[in-house]
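Worksheet: the structure to be examined is printed underneath.
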Amino acid sequence: MSTDDRPSYETQHHPLSWLALRADQRRAAGLRRTLVPRAADSALIDLAGNDYLGLTRHPEVVAATIEAVRRWGTGSTGSRLVTGTTELHAELEAELAAHAGTEAALVFSSGYLANLGVITALAGRGDLIVSDSLNHASLIDAARLSRARIAITPHSDVDAVAAALAGRAEERALVVVESLFSVDGDTAPLRELHEACRAHGAVLVVDEAHGFGVAGPEGRGAVFEAGLAGEPDVVVAATLSKALASQGGAVLGSAELIAHLVDAARSMIFDTGLAPAAAGAALAALRVIRRDPGLPETVRKRSWEIYELALELGLQVTAPSGAVTSIIMGAPEAAVAARDFCLERGLHVGCFRPPSVPDGKSRLRVTARADLSDFEAEQIRSVLSDLAAIPTQV
Ligand code: PMP
């Protein structure tokens, strides 16, 4: 057999040949994912991204980002503990803490890493983590990485949380929730959860990825709105990538907590610090929000308009607490078809399928923006009306 006649290594059984089979299974189930390039000058109305306040192209945010690169260079050059902390990081941390009503803050290079860092620094083997069944993947991964025992409680079920805490053998416990849940857009019962934590000596960790900059007065977050900002047993995690128009994450809490994270949060210690450009962008966006506190209210209003419209059209829709509304389509294929239908008519909406959502709950995820114009709102009305009129939906 000549060299050319031999079956190529790709067609033989090799250690990664199972990938092709897995891809076929995903394709057959309508669950293959794709990376969709976004055109810079797209005429699409973006209801899929997380630029809730429309600040990613705000002139002040853009100028601050460019200035940060000029002054500090393109990369942060090292860990936060070595060369990766600039004065922009320090200012951002001080202003984030001031806005959220906490003593201190620590910036990470993503929200995902902030969650990994804070949860693994606060819980370990021999501890308990009580985790809401709809928590984001980063919180699930953080809990697993911590090696604590994990009790998953039904979504927003305070009695189940209290029972898990009361029945524990472990001394230390964390209760982990999102403030505004990323998929259905509903708010966690933060006050009741905090009472349960107090009664049973647990810490409440709240991921405000979708709440910070959107919920509460002046976008100070759902924890602030619930009157829990600054409580010593409440820890807030946030992302800089949504309302704050940048990249990165943060943990907010007492000065003692933040000092502990500097000593112990491995996803900060062993990671290169957030790029100065991203810190500069988030700082500028935060200053815009603090100067124009009407922005968070505007996005909530826009989101509510989309919800009411979908309801009026007979679509199955979730009520938004912040920027996110979900239109439930059922089967993954129906959600993909509806997403493509919207796309062809100029609306870019998100499409969530299992495992991001439970089976039978595939959906369009529609995120409002504070900078949507009335003209765009009219286009949204027209496309959703057409979608509701076709038989493939629901
Ligand atoms: N938590 C929640 C609830 C999220 O939705 C996300 C991201 N979508 C993250 C954490 C991760 O944040 P980042 O994108 O900054 O890594």
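The values are calculated or read from the model by the stated rules, or taken from the named source; none is laboratory data. Just so it is clear, the structure is predicted and the values come from calculations on it, not from any experiment. Backbone-built Cβ (ideal geometry, glycine too); neighbour counts: all protein chains shown.
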Check: Does the stretch 231-243 include one or more residues that are touching a residue at least 24 places away in the same chain (Cβ under 8 Å), farther than 15 Å from N115 by Cβ, part of a loop (DSSP other than H, G, I, E, B) and of a type in the set (A, V, I, L, M)?
Finding: yes
Check: Are any residues in the stretch 262-279 under 20 Å from the mean Cα position of the chain (by Cα) and assigned to a helix (DSSP H, G or I), and if so, which ones?
Finding: S267, M268, A278, A279
Notebook entry, point to check: Only one residue in A281, A265, A275 is touching a residue at least 40 places away in the same chain (Cβ under 8 Å), in the same structural domain as S109 (by TED's automatic domain parsing), buried (at least 24 other Cβ atoms within 10 Å of the Cβ) and closer than 20 Å to G49 by Cα. Which one?
Noted result: A281
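Is it true that T318 is surrounded by fewer than 22 Cβ atoms within 10 Å (Cβ to Cβ), among the β-branched types (V, I, T) and modelled with pLDDT of 95 or more?
So T318 does not fit the description; no.
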Next item on the list: Give the number of residues within the stretch 76-97 that are exposed (fewer than 15 other Cβ atoms within 10 Å of the Cβ) and either touching an Asp or Glu at 6+ places or on another chain (Cβ under 8 Å) or under 15 Å from L274 (Cα atoms) (or both).
Entry: 6
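Per-residue answers, yes or no, for (1) modelled with pLDDT of 95 or more; (2) within 16 Å of the ligand (Cβ to nearest atom); (3) in the same structural domain as R353 (by TED's automatic domain parsing); (4) touching a His at 6+ places or on another chain (Cβ under 6 Å):
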residue	(1), (2), (3), (4)
H99	yes, no, no, no
T102	yes, no, no, no
L106	yes, yes, no, no
Y112	yes, yes, no, no
L134	no, yes, no, yes
L139	yes, yes, no, no
R144	yes, yes, no, no
D157	yes, no, no, no
V161	yes, no, no, no
Margin query: Please determine whether any residue of the stretch 169-185 is in a helix (DSSP H, G or I), assigned by TED's automatic domain parsing to the domain that holds I140, at pLDDT 95 or above and more than 18 Å from the chain's Cα centre (by Cα).
Written below: no
Next item on the list: Read through the list (1) part of a loop (DSSP other than H, G, I, E, B); (2) buried (at least 24 other Cβ atoms within 10 Å of the Cβ), then give the number of the only condition that L252 fails.
Entry: (1)
Next item on the list: State all residues of the stretch 304-320 that are in a helix (DSSP H, G or I) and among the aliphatic types (A, V, I, L, M); if no residue qualifies, say none.
Entry: I306, L309, A310, L311
Check: Right, A209: touching a Lys or Arg at 6+ places or on another chain (Cβ under 7 Å), under 23 Å from P320 (Cα atoms), within 13 Å of the ligand (Cβ to nearest atom) and not acidic (D, E) or not?
Finding: yes
Check: Which residue out of A310, A237 is within 16 Å of the ligand (Cβ to nearest atom) and touching a helix residue (DSSP H, G or I) at 6+ places or on another chain (Cβ under 9 Å)?
Finding: A237
Next item on the list: Sort through V183, V177 and tell me the only one that's of a type in the set (A, V, I, L, M, F, W, C), surrounded by 24 or more Cβ atoms within 10 Å (Cβ to Cβ) and touching a Leu at 6+ places or on another chain (Cβ under 8 Å).
Entry: V177
Check: Within the group G30, G73, G54, which residue is of a type outside the set (K, R), on the phi > 0 side of the Ramachandran plot and modelled with pLDDT under 85?
Finding: G30
Margin query: The conditions are (1) in contact with a Phe, Trp or Tyr (Cβ under 9 Å, 6 or more places away or on another chain); (2) polar (S, T, N, Q); (3) within 16 Å of the ligand (Cβ to nearest atom), and T120 fails exactly one of them. Which is it?
Written below: (1)
Check: Which ones in the stretch 222-233 are buried (at least 24 other Cβ atoms within 10 Å of the Cβ) and more than 13 Å from the ligand (Cβ to nearest atom)?
Finding: V223, F224
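Residues that are among the small types (G, A, S) and within 26 Å of L228 (Cα to Cα): list the helices (runs of 4 or more DSSP H) wholly contained in the stretch 51-162 that include at least 2 such residues. Explain how you work it out, then say what you get.
Values: elements: 59-72, 87-100, 111-122, 137-146.
Where helices (runs of 4 or more DSSP H) fall fully within the stretch 51-162 and carry at least 2 residues being among the small types (G, A, S) and within 26 Å of L228 (Cα to Cα), they are 87-100, 111-122, 137-146.
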Check: What residue, among those in the stretch 71-97 that are among the acidic types (D, E) and closer than 24 Å to P217 by Cα, is farthest from the ligand (Cβ to nearest atom)?
Finding: E91
